[in-house]
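Take a look at the structure below.
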Amino acid sequence: MGKHADDEVIPINFRLTPQASWHFIALSAGLSPNERPMVLTVLWNEAYDEIKKCMVDQGIALAGMYRDEVADAAIQHLDGVDLYFAVNRAQSEHFRGRTIDCDNNRVFFLPLPPFAWQSSGPAGHSTRSGELIVNKHANHELIPINFRLTQRASDAINRLTTQFSSATQPAFPCLLWNEAYDEIRKPLINQAPVVGWYDRQDVPDTVIQHVDGVDLYFAVSRAQSLHFRGKTIDYENNRFVFAP
C-alpha cells in the first residue's frame, strides 16, 4: 500500500493479553533496521483449497512492512505497540471481540466464554465467523467460583483491567480455561487458566462474582470448573498459573 493510498482503514477490534502485547513489542523492536524502519502488521491468513475449490481460513498471521510504505492513517496503537491491521472488512470479522494470546512464539485467539455468547448454531459455537452476538440478558448458568487468588494475581488482574479500560469503555476481566484440540491424537488438550478482557457492557450482571478483591466473570463450563476446584491462582513471569 502506498503512503498516500486511500485504502479503507479498518479499526482494531480485538485485544491483546499482556503476554501477546510484550511479544508484539519485542517483535516490533527487532523488525526495524536503522536505515529503514518497519511496522508490525497483523493479517488474516487464508489459502485456496484446490480440492474443495474454496478459500480456507487458517488463522492470525504477523509480518513486517516497511514503515514508509504504510499510510500514516493506517497505523494504530494497541497496548503499547504500533500496528498496521492489514485486513479487509470481511476478514476483520474474525477478530471482532476476540483476545489474542501468545505462547511458544505462536499467536492465537483465546477461547470465547462458552456461555457468554449466543450464535446461530449450538450454544457456545458459531456456524460462521462474524455471527457471534453478545447475549447480555440470557439466563446463563452461574458457575460458582471454587478457587482463590494470591495477592499478586489480584493485583495483576486489577492493574491490567485498568490498563485495558478506556474512559468510555471499561474492560472487565474473565477467567477461562484454555484448551486445544489435538488434530493427531484427537482429544482436547487441557492447557492452563487464562484471563481475558471484554467490554463491561458485554458481560451479564448475573455472572459477575467477587473473589479476593477482584470482580470477575468465571467464564467456564461446569466440567471445566473442575480444573479450578480448591486451587489457588498466582501470577508469575507475566502469566497466570496454579500455585503449587
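Here, each number is a calculation from the coordinates, and none is a lab measurement. In this text the structure is predicted, and so the values were computed from the model without any measurement. Every residue, glycine as well, gets a Cβ built from its backbone with ideal geometry; the counts of neighbours run over all protein chains shown.
Give, in nm to one decimal, the length gained when the segment between residue 155 and residue 169 is fully stretched (0.36 nm per residue of separation minus the Cα-Cα distance). The partial results should precede the final answer.
Numbers: separation 14, 0.36 × 14 = 5.04 nm, distance 2.08 nm.
This chain segment gains 3.0 nm when fully extended.
Compute the FRET efficiency between residue 210 and residue 232 as 1/(1 + (r/R0)^6), taking r as their Cβ-Cβ distance and R0 = 22 Å, and round to the nearest 0.05.
0.85
Say R0 is 35 Å: what FRET efficiency, to the nearest 0.05, do residue 221 and residue 75 get from their beta-carbon distance?
0.35
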